[in-house]
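This report concerns only the one structure given below.
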Amino acid sequence: QIMTITNPKKSTRVLGTTGEDLAADYLRRLGYQIIARNYHARMGELDIVAQKEGVWHFVEVKTRSSAQHGQPYEAVRPWKVQHLKKAAWLYLLRHGHSTSQRMVFDVISILKMGSDYNITFYQNVSMY
């Protein structure tokens, strides 16, 4: 018997990259300017840093290939948002921007359905 096994880490990474590409394209179509992607800080990674109408948007992208273990956005827990906030402040400071500028945290949830992707945009999430 022959069994083909795909490296799950590689396929998850590919799915995540595809989701982030789709999310960035989606945001551009909505008029957002993508400033940075995959910004790494000690306390976490910012998937997408964007601006629209003078507001900084720090976007967490979650992509799943099925809803078997819940919707993608459900993986964004309150502690994750707190880490994202710290990473966002650090990003602004390191790039010479004021932390007093308006900034919001958004989540883009992407569910792969066959060959299609269902994108849901949650704006200005606040979880404490």
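Along each principal axis, taking the top coordinate minus the bottom one, the Cα set of segment 45-92 gives 37, 23, 13 Å in descending order.
For GLU45, GLU60, give me the order by solvent-accessible area with a 1.4 Å probe, most accessible first, ignoring ligands, DNA and RNA.
So, going from the largest accessible area down, we get GLU45, GLU60.
Calculated mean residue ellipticity, 222 nm, the chain: -10500 deg cm²/dmol, from DSSP H runs (n ≥ 4) at -39500 (n - 2.57) each, averaged per residue and rounded to 500. What translational diffusion coefficient, in µm²/s and rounded to a whole number, does the Stokes-Einstein relation yield for segment 4-122 at 4 °C and a viscosity of 1.567 mPa s, taking the hydrodynamic radius as the Kirkwood radius over Cα pairs? For the chosen part, D equals 87 µm²/s. Taking all protein chains together, ILE35, ILE110 sort by accessible area into ILE35, ILE110, largest first [probe 1.4 Å]. Ordered by solvent-accessible area of protein heavy atoms (1.4 Å probe), largest first, the residues SER98, SER109, SER115, SER65 come out as SER115, SER65, SER98, SER109.
Rounded, prolate or oblate: which one fits segment 27-67, using the alpha carbon gyration tensor with axes a ≥ b ≥ c (rounded when a/c is under 1.5, else prolate when a/b beats b/c, else oblate)? Oblate is the answer for segment 27-67, as a/c is 1.5 or above yet b/c matches or exceeds a/b.
Taking only the Cα atoms of segment 78-126, the radius of gyration and Dmax are 14.3, 43 Å. Principal-axis analysis of the Cα atoms of the chain puts helix 8-29 at an angle of about 50° to the longest axis.
The Cβ shell under 11 Å around VAL76 holds other residues with a net charge of -1, Lys and Arg each +1, Asp and Glu each -1.
The values are calculated or read from the model by the stated rules, or taken from the named source; none is laboratory data. Not measured: the values here are computed from a predicted model. Quick reminder, even Gly has a Cβ in these numbers, built from the backbone with ideal geometry, and neighbours come from all protein chains shown. Just the protein is used for accessible areas: all its heavy atoms, side chains included, with ligands, DNA and RNA removed. Shrake-Rupley method; radii C 1.70, N 1.55, O 1.52, S 1.80 Å.
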